[in-house]
Amino acid sequence: MSKSSKKMTLNKKHNMTGWIFLAPGALLIFFMSFVPMGKALMLSFKTGVGAAMKSCGLMNYTRMFQDTVFVQSIKNTFFYLIIQVPIMLILALILASILNNKDLKFKGVFRTMIFLPCATSLVAYAVIFRSLFANNGIINWILVNIGILDQPYSFLTNTWSARIVIIIALLWRWTGYNMVFYLAGLQNIEYSIYEAAKIDGASAIQSFFKITVPLLKPTILLTAIMSTNGTLQLFDESVNLTDGGPANASITMSHYIYNMSFKYVPNFGYAAAMSFLILILVAILAFLQMKVGDKRD
Amino acid sequence: MTKGKKIAMYTFLSIVSFISVFPLYWMVCAATNKSADVVSGRLIPGTYFLENWKALMVSQDVMGSLANSFKYAIALTLLSLVVSSLAGYGFEIYHDKAKDFVMSIILLAMMVPFVATMIPLFQMFSKAGWLNSTIGFILPTISTPFLIMMFRQSARSFPHDIMEAARIDGLSEIRIFFQMFIPTMRSTYAAAMTITFMNAWNSYLWPKVIMSDTKSQTMPMVVANLTQGYVTDYGVLMLAVLICTLPTAIVFFCLQNAFAEGITGAVK
């Protein structure tokens, strides 16, 4: 056997090994993501329960835009997305650049404390915030005792305050998480750039916008996509903090789809159609963000 | 830095830190106090822990749910690390056009929201008899695009010379993976482990869908159950929240530095 053909067979062998290594992971994703997705698409054109399901064309799709609760859930989810994600990312970026300062003392202590909320489980923190903002909760107790309120305010049963409590809770839980990504990204930026900028007379705000933001752009894009994706799928908070209330004023899309599938009389076809709309929204938003991310290069 | 600026910075950081820690501090206080005291604004840890503990154990099967949560989360973490890292390694080390194409399709799966697959998965799993079972809990998330991507990224920094040397020494490809790759990539594994364990422990929607039997329910489900009554016993509720939070907090603190290191590698 010549040397080159021996190399060919070795390459072939390695090529095969690669396929064998990635097969379990790739097949699982195929059967657990793509196959169900295809089934959901087919389901979305059907109506009825169990074996009695029959085709109904586009009915499920036309129905959802007349469904006031579903429209409300889209509005709520986008409200959370538009208000919470930018505030969170900017706050995380500011915190990370402050903590990146070499002159700062107790850096580790601050970092750990700000990251601490991420150690709590999602249901747990939703329940904590529900208790904090309850009528007999500590927030009302403090506000009444220092004289801001005459009597407890029901945060969770008023439309706007319920939504804002969800936003506050999300900010509390996720800001530190994103901050850690930015801190990790900042490790890859030479600190001497900041010192050089300082010598040249750049203010802290200037170096934030001219150095930190441009160099962290890939990380900012990553966190923006992750947070958008997470917010569009919000479920635990809506269920355990406000239970979607008052009167569905704070319900999220995932929560409504869950209710439609497993809480009310199950309507899998309609629920699948709604879930497909979320899929399309996620894809469009991720595409837009990547486009915007590319442009500024 | 001027003195004024410094003071402003420390004040800002202190306020943010206080807001971050306060709800958790309040949880610990509530878990050790009588509900009546919690409601009247007591903000120091109390001595009512044992009474809350007894009341909690009577009302919910906490030990059973804890055991379930640990069983599901550990099984998922172990399997997920092996399957995802092997795939990420396979995609990178033996990469060619066909594999890169498959990878780009797998990345598309990242966009698929869980609600979009939840109903067909529920139907498939109930047909297979996997409701209320460990396999039902873990199967959908053993392999995730995010972890595969993370390991693919880290395999890029795996020195090629080491591989060649190992091959010349006659090590098989699978042994190179287990004996050379895994030990070198310890921090990536630690980060992946933290993420997977926390996601598994925290997951709520999927277990709520498939764990209808109270014997199979998880700890977050127990916490959620406790809020369903008309009168909330804050002492008991917060004790359950505390128990639910401790495992993830411990994992997180043990692996905090490795987690940050692994993330640093992933965002490079």
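The values are calculated or read from the model by the stated rules, or taken from the named source; none is laboratory data. Since this is a predicted model, take the numbers as computed values, not measurements. All Cβ positions, glycine included, derive from the backbone under ideal geometry; neighbour counts span all protein chains shown.
Going through A:R130, A:R163 one at a time, which residue ends up being within 19 Å of B:W26 (Cα to Cα) and touching a residue at least 60 places away in the same chain (Cβ under 8 Å)?
Details: A:R163 fails: within 19 Å of B:W26 (Cα to Cα).
So the residue among A:R130, A:R163 that is within 19 Å of B:W26 (Cα to Cα) and touching a residue at least 60 places away in the same chain (Cβ under 8 Å) is A:R130.
If A:F133 meets every condition in (1) out of contact with any Pro (no Cβ under 8 Å at 6 or more places or on another chain); (2) within 23 Å of B:L239 (Cβ to Cβ); (3) facing chain B (nearest Cβ under 10 Å); (4) modelled with pLDDT of 90 or more apart from one, which number is that one?
(3)
Residues checked against (1) over 30 Å from B:G136 (Cα atoms); (2) among the aromatic types (F, W, Y); (3) away from chain A (no Cβ under 13 Å); (4) under 28 Å from the mean Cα position of the chain (by Cα):
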site	(1), (2), (3), (4)
B:G41	yes, no, no, no
B:K54	yes, no, yes, no
B:Q60	no, no, yes, yes
B:Y72	no, yes, yes, yes
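How about the stretch A:224-245: which of its residues are at pLDDT 90 or above, more than 9 Å from chain B (Cβ to nearest Cβ) and in a loop (DSSP other than H, G, I, E, B)?
A:L234
Can you say whether B:A67 is within 22 Å of the chain's Cα centre (by Cα) and either surrounded by fewer than 20 Cβ atoms within 10 Å (Cβ to Cβ) or at pLDDT 95 or above (or both), as far as the supplied structure shows? Before you say what the answer is, go through the steps one by one.
Working: within 22 Å of the chain's Cα centre (by Cα): yes; either surrounded by fewer than 20 Cβ atoms within 10 Å (Cβ to Cβ) or at pLDDT 95 or above (or both): yes.
The answer is yes for B:A67.
Where in the stretch B:96-210 are the helices (runs of 4 or more DSSP H), entirely inside, with at least 1 residues that are free of Cβ contacts under 8 Å to residues at least 60 places away in the same chain, out of contact with any Gly (no Cβ under 9 Å at 6 or more places or on another chain) and surrounded by 14 or more Cβ atoms within 10 Å (Cβ to Cβ)? Steps first, answer last, please.
Working: elements: B:97-108, B:114-128, B:134-138, B:145-155, B:160-168, B:173-176, B:186-202, B:205-210.
The helices (runs of 4 or more DSSP H) meeting that bar are B:97-108, B:114-128, B:145-155, B:160-168, B:173-176, B:186-202, B:205-210.
Picking from A:L149, A:L122, A:L183, which residue would you name as being in contact with a Leu (Cβ under 7 Å, 6 or more places away or on another chain), on the phi < 0 side of the Ramachandran plot and touching a residue at least 12 places away in the same chain (Cβ under 8 Å)? Explain how you work it out, then say what you get.
Values: A:L149 fails: touching a residue at least 12 places away in the same chain (Cβ under 8 Å); A:L122 fails: in contact with a Leu (Cβ under 7 Å, 6 or more places away or on another chain).
Residue meeting the stated conditions: A:L183.
This table checks each residue for (1) under 27 Å from the mean Cα position of the chain (by Cα); (2) surrounded by 17 or more Cβ atoms within 10 Å (Cβ to Cβ); (3) assigned to a loop (DSSP other than H, G, I, E, B); (4) at pLDDT 90 or above.
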residue	(1), (2), (3), (4)
A:D103	no, no, yes, no
A:F110	yes, yes, no, yes
A:I114	yes, yes, no, yes
A:A126	yes, yes, no, yes
A:Q151	no, no, yes, no
A:V165	yes, yes, no, yes
A:L171	yes, yes, no, yes
A:V180	yes, yes, no, no
A:T212	yes, yes, no, no
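Here is a yes/no grid of residues against (1) closer than 29 Å to A:Q289 by Cα; (2) within 22 Å of the chain's Cα centre (by Cα); (3) part of a helix (DSSP H, G or I):
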| site | (1), (2), (3) |
| --- | --- |
| A:S97 | yes, no, yes |
| A:S161 | no, yes, yes |
| A:I168 | yes, yes, yes |
| A:Y177 | yes, yes, yes |
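Out of everything in the stretch B:213-237 that is in a loop (DSSP other than H, G, I, E, B) and touching a Ser or Thr at 6+ places or on another chain (Cβ under 6 Å), what residue ends up being surrounded by the most Cβ atoms within 10 Å (Cβ to Cβ)? Before you say what the answer is, go through the steps one by one.
From the stretch B:213-237, those in a loop (DSSP other than H, G, I, E, B) are B:213, B:217-218, B:227-233; that's our starting set.
Going one step further and asking which of them are touching a Ser or Thr at 6+ places or on another chain (Cβ under 6 Å), we end up with B:217-218, B:233.
On the way: B:Q217: 22, B:T218: 29, B:D233: 19.
The selected residue is B:T218.
For A:P86, indicate whether it is closer than 30 Å to A:L186 by Cβ and more than 12 Å from chain B (Cβ to nearest Cβ). Let's see the steps before the verdict.
On the way: closer than 30 Å to A:L186 by Cβ: yes; more than 12 Å from chain B (Cβ to nearest Cβ): yes.
Yes: the conditions hold for A:P86.
Would you be able to tell me the number of residues in the stretch B:15-39 that are over 30 Å from A:I98 (Cβ atoms) and over 24 Å from the mean Cα position of the chain (by Cα)? Write out each step before concluding.
Restricting attention to the stretch B:15-39, the residues satisfying the condition of being over 30 Å from A:I98 (Cβ atoms) are B:30-39.
Applying the additional criterion that residues be over 24 Å from the mean Cα position of the chain (by Cα) yields B:30, B:32-39.
Number of matching residues: 9.
Among what's in the stretch A:11-46 and is among the hydroxyl-bearing types (S, T, Y) and at the interface with another protein chain (Cβ under 7 Å from one of its Cβ atoms), pick the residue that is farthest from A:G269 (Cα to Cα).
To start, the set of residues in the stretch A:11-46 that are among the hydroxyl-bearing types (S, T, Y) comprises A:17, A:33, A:44.
Checking the rest, the ones that are also at the interface with another protein chain (Cβ under 7 Å from one of its Cβ atoms) come to A:17, A:33.
Numbers: A:T17: 42, A:S33: 18 Å.
Going through the qualifying residues, I end up with A:T17.
Looking only at the stretch A:253-297, filter to residues that are at pLDDT 90 or above and more than 10 Å from chain B (Cβ to nearest Cβ); which one of those is surrounded by the most Cβ atoms within 10 Å (Cβ to Cβ)?
A:A273
Name the pairs whose Cβ atoms lie under 6 Å apart, with the first residue in the stretch B:35-50 and in a helix (DSSP H, G or I), the second of a type in the set (G, A, S) and at pLDDT 80 or above, and 6 or more positions between them or separate chains?
Listed pairs, sorted by first residue: B:S35/B:G235; B:V38/B:A30.
Taking the stated definitions as given, is A:L222 within 29 Å of A:S97 (Cα to Cα), touching a residue at least 40 places away in the same chain (Cβ under 8 Å) and out of contact with any strand residue (DSSP E or B) (no Cβ under 6 Å at 6 or more places or on another chain)?
Values: within 29 Å of A:S97 (Cα to Cα): yes; touching a residue at least 40 places away in the same chain (Cβ under 8 Å): yes; out of contact with any strand residue (DSSP E or B) (no Cβ under 6 Å at 6 or more places or on another chain): yes.
It is true that A:L222 is within 29 Å of A:S97 (Cα to Cα), touching a residue at least 40 places away in the same chain (Cβ under 8 Å) and out of contact with any strand residue (DSSP E or B) (no Cβ under 6 Å at 6 or more places or on another chain).
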